[in-house]
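**Student:** Sharing a structure here in structure tokens format.
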Amino acid sequence: AAANIGVVGLAVMGSNLARNLASREGNTVAVYNRSRTKTDELIAEHPEAGFVPAFSYEEFASSLSVPRTAVIMVKAGGPTDAVIDELVRVFEPGDIIVDGGNALFTDTIRREKAVRDTGINFVGMGVSGGEEGALLGPSLMPGGSDESWVTLGPILRSIAAVAEGEPCVTHVGHDGAGHFVKMVHNGIEYADMQLIAEAYDLIRRGTGKSPAEIADVFAEWNRGELESYLIEITAEVLRQVDAATGTPLVDVILDQAGAKGTGAWTVQTALDLGVPVSGIAEATFARSLSSHPEQRIVSGVLPGPAEALVVADADAFVEDVRLALFASKIVAYSQGFDEIRAGAAQYGWSIDLGAISKIWRGGCIIRAQFLNRIADSYAQTPDLAVLMTAPYFVEALGRAQGAWRRIVSTAADAGIPSPAFSSSLAYYDGLRAKRLPAALIQGQRDFFGAHTYKRIDKPGTFHTLWSGDRTEIEAEDTH
Ligand code: 6PG
């Protein structure tokens, strides 16, 4: 046994992770791929890595020191199950199987339970940072048992991104906790991207700036409180000129956003948990709307406002958009952390929200300066019920809300869709409201279905005899 860790699945993410592992002091990496060619290519291209190639699962297992530790980097779903079955066949109790794909957390819970029965540890691990992150330092979100963390901890710490001197990895919680947190990371990623896209659209339509000029705006924003990877790459994308046509690349890219499903999972899970992640949901739906060309042909049919957007002071408008983006981003993160809190309660995980914000500071797609403020907030108040009520965010929201309201109303007046900006603001005002019209909904429910209601002035459950004399009676609680 020559290797202390192995990687199964040598597509780009897997081979980059294997190279990252091999580049760290003390690691020898066994590699296996279903088709031999990928393995041969990786070995030939990276002799410096000192990989130990294996061409069967038996060979792979015998090349690993005990406890055997293997990271699976294959397609989520069936392919992952197939590899797990093979590894379970050749591994022994105490060994560790890590799934580094974007698995649905409920699959991870199921797999962990099944594998645990064999005495082998199964760890679902979120890996963020794309291809470059896998190679140079990703943000890692492992779940699984405490026992597995003893072996995995030092290895993962050695390959993770480093933010402010700390490796971007923590033991998130048991079984599916790691993949749950990665799922929410992606939901926030969707929201962040949609918000940036809305900001770009408003600036372009409002000021007539070119994509290259808007790239300068984003580059400038990236020096302030919005500093983040997604803002940085937005400037890069907007600056790109298409070689074939000489026009901005963004103008020749088809405006239909793809999605591999993690955003939808975040929203579906939130619906099940009853957590209003409205910004993430709008971002996910905005991608769906964009990718229905057969419905979008109605664009000439539906009437819009008579007046086009006229912005008198471009600089002031851009600053308003910046503040609207910042405020909406705070809402998206607040909603995402709310979902993690609710998920942890539902599935019995003990998740340190401050630690999550810290491991997202580097390596991952949503890495941002801003995550330090989230970490500070949880350090001050670990059981913070609503993230955005921490003092830093309250101050920021107070500073931004005027601009935020102006932008949402300007967009509505001009007929420019801003679903994420406006739903974030609606959520904010919903939380602020002393009284919500939910009281009327309760009345309606009681009217047509005798669903009952509670009163503000006395305990108990009540029903009005709507089809009788409309007096109120005490009733059984039917929710
Ligand atoms: C990451 C990303 C990554 C995800 C892509 C694509 O953290 O590195 O979240 O895991 O696969 O962002 O997601 P969509 O295709 O759904 O946009």
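**Student:** Gain in length, Thr106 to Ser35, computed as 0.36 nm per residue apart minus the alpha-carbon separation, to one decimal in nm?
**Tutor:** 22.7 nm
**Student:** In whole angstrom, how long is each semi-axis of the equivalent ellipsoid of segment 216-304, when you take the square root of 5 times every eigenvalue of its Cα gyration tensor and sort them from largest down?
**Tutor:** 28, 23, 13
**Student:** Moving on. What's the tally of Lys pairs in the chain whose alpha-carbon atoms lie under 25 angstrom apart, where the two lysines are 8 or more places apart or on different chains?
**Tutor:** Summing the qualifying lysine pairs gives 15.
**Student:** Simple spin-label model, 7 Å along Cα-to-Cβ: Ile233 to Leu436 in nm?
**Tutor:** 3.4 nm
**Student:** Taking the chain as the reference, fit the longest principal axis to its C-alpha atoms, fit the long axis of helix 211-221 to the helix C-alpha atoms, and give the angle between the two in degrees, 0 to 90, nearest 10.
**Tutor:** 80 degrees
**Student:** Where does segment 55-144 land on Rg/Rh, using Cα atoms and the Kirkwood Rh?
**Tutor:** Rounded to two decimals, Rg/Rh equals 0.96.
**Student:** Still on this structure, please answer the following. Give me the distance between the Cα centres of segment 219-237 and segment 386-446, rounded to whole Å.
**Tutor:** Rounded to whole Å, the Cα centres lie 25 Å apart.
**Student:** Could you tell me the ratio Rg/Rh of segment 1-43? Both radii from Cα atoms, Rh via Kirkwood.
**Tutor:** We get a ratio of 0.95 for segment 1-43.
**Student:** Within segment 232-268, whose backbone N sits under 11 Å from a point 7 Å along Cα→Cβ of His292?
**Tutor:** The answer is none, because no backbone nitrogen lies closer than 11 Å to the label point.
**Student:** Tabulate in residue order the Karplus-calculated ³J(HN,Hα) for segment 24-32, using 6.51 cos²θ - 1.76 cosθ + 1.60 with θ = phi - 60°, rounded to whole Hz; enter x for Gly and Pro.
**Tutor:** 9, 2, x, 9, 10, 10, 8, 10, 9
**Student:** Need one number: % antiparallel among DSSP beta bridges in the chain, to the nearest 5.
**Tutor:** In the chain, DSSP labels about 40 percent of beta bridges as antiparallel.
**Student:** How far apart, in nm, are two points set 7 Å out from the Cα along the Cα-to-Cβ line at Leu302 and at Val150?
**Tutor:** Spacing of the two 7 Å Cα→Cβ label points: 5.9 nm.
**Student:** Now, a different point. Determine, for each peptide in 221-233, 42-54, the mean count of other beta carbons within 10 angstrom over its residues, then list the peptides with the highest first.
**Tutor:** 221-233, 42-54
**Student:** Moving on to the next point. Considering only DSSP states other than H, G, I, E and B, which GluC sites (Glu not before Pro) in segment 427-479 qualify as loop sites with at most 15 other Cβ atoms within 10 Å?
**Tutor:** The qualifying sites are Glu476.
**Student:** In addition: What's log10 of I(q)/I(0) for segment 1-134 at q = 0.09, 0.11, 0.20 Å⁻¹, Debye sum over Cα points only, no solvent?
**Tutor:** Listed by q, the Debye log ratios stand at -0.22, -0.34, -1.18.
**Student:** Sorting check: for 336-347, 306-317, which peptide has the highest mean count of neighbouring beta carbons within 10 Å, and how do the rest follow?
**Tutor:** 336-347, 306-317
**Student:** Considering amide H positions built from the backbone, and no H for Pro or chain starts, which residues 5 or more places from Val98, or on another chain, come under 5 Å of its amide H?
**Tutor:** It is Ala70, Val71, Ile72, Val123, by chain and number.
**Student:** OK, next. Can you tell me the orientation of helix 229-239 relative to the chain, as the angle in degrees between its alpha-carbon axis and the longest Cα principal axis, to the nearest 10?
**Tutor:** Here the helix axis deviates by roughly 80 degrees.
**Student:** Report the Rg/Rh value for segment 177-259, based on alpha-carbon coordinates and the Kirkwood definition of Rh.
**Tutor:** With Rg and the Kirkwood Rh in hand, the quotient comes to 1.03.
**Student:** Now a separate question. Keeping all protein chains in the complex and leaving out DNA, RNA and ligands, what accessible area do you get for Trp466 with a 1.4 Å probe, in Å² to the nearest 10?
**Tutor:** The value for Trp466 is about 70 Å².
**Student:** Still on this structure, please answer the following. From the gyration tensor of the Cα coordinates in segment 355-479, what semi-axes in whole Å does the equivalent ellipsoid have, largest first, with each one equal to sqrt(5λ)?
**Tutor:** Value: 41, 22, 13 Å, ordered largest first.
**Student:** Another question, if that's okay. Explain nothing, just the number: relative contact order of segment 410-479, from Cα pairs under 8 Å at least 6 residues apart, as a whole percent.
**Tutor:** Over segment 410-479, the number comes to 18 percent.
**Student:** Just want to confirm a number: the relative contact order over segment 328-427, from Cα pairs under 8 angstrom separated by 6+ residues, in percent.
**Tutor:** Taking the mean separation of contacting Cα pairs over the length of segment 328-427, I get 27 percent.
**Student:** Let me check I've understood the local charge: for Ile359, count other residues with C-beta under 13 angstrom from its C-beta, Lys and Arg +1, Asp and Glu -1. What total comes out?
**Tutor:** That sum, taken over residues with Cβ under 13 Å, equals +2.
**Student:** Separation between the Val310 and Thr245 pseudo-spin-labels, each 7 Å from Cα along Cα→Cβ, expressed in nm?
**Tutor:** 3.0 nm
**Student:** For the chain, what does the relative contact order come out to in percent, with C-alpha contacts under 8 Å and a separation of six or more?
**Tutor:** 12 percent
**Student:** Against the longest alpha carbon principal axis of the chain, how many degrees, from 0 to 90 and to the nearest 10, is the axis of helix 262-273 turned?
**Tutor:** 60 degrees
**Student:** Taking amide H positions as placed in the peptide plane 1.01 Å from N, state which residues far from Val241 in sequence (5 or more) or on other chains have amide H under 5 Å from it.
**Tutor:** Leu249
**Student:** Could you tell me the distance between the Cα centroids of segment 342-378 and segment 148-173, to the nearest Å?
**Tutor:** Taking the Cα centre of segment 148-173 as reference, the centre of segment 342-378 is 14 Å away.
**Student:** Also, quick follow-up: How much space per residue, in cubic angstrom, does the convex hull of the C-alpha atoms of segment 170-209 take up?
**Tutor:** 47 Å³
**Student:** Next question. What is the pair-distance distribution P(r) of the chain, computed from all Cα-Cα distances in 20 Å bins starting at 0, with each bin given as a whole percent?
**Tutor:** Once binned at 20 Å, the Cα pair distances of the chain give 21, 47, 27, 4, 0.
The values are calculated or read from the model by the stated rules, or taken from the named source; none is laboratory data. Computed from a prediction, not measured in an experiment: that's the story for all the values here. No Cβ is skipped: glycine too gets one built from the backbone with ideal geometry, and neighbour counts run over all protein chains shown. Each accessible area value is taken on the protein alone, full model and side chains, heavy atoms only, with ligands, DNA and RNA left out. Shrake-Rupley method; radii C 1.70, N 1.55, O 1.52, S 1.80 Å.
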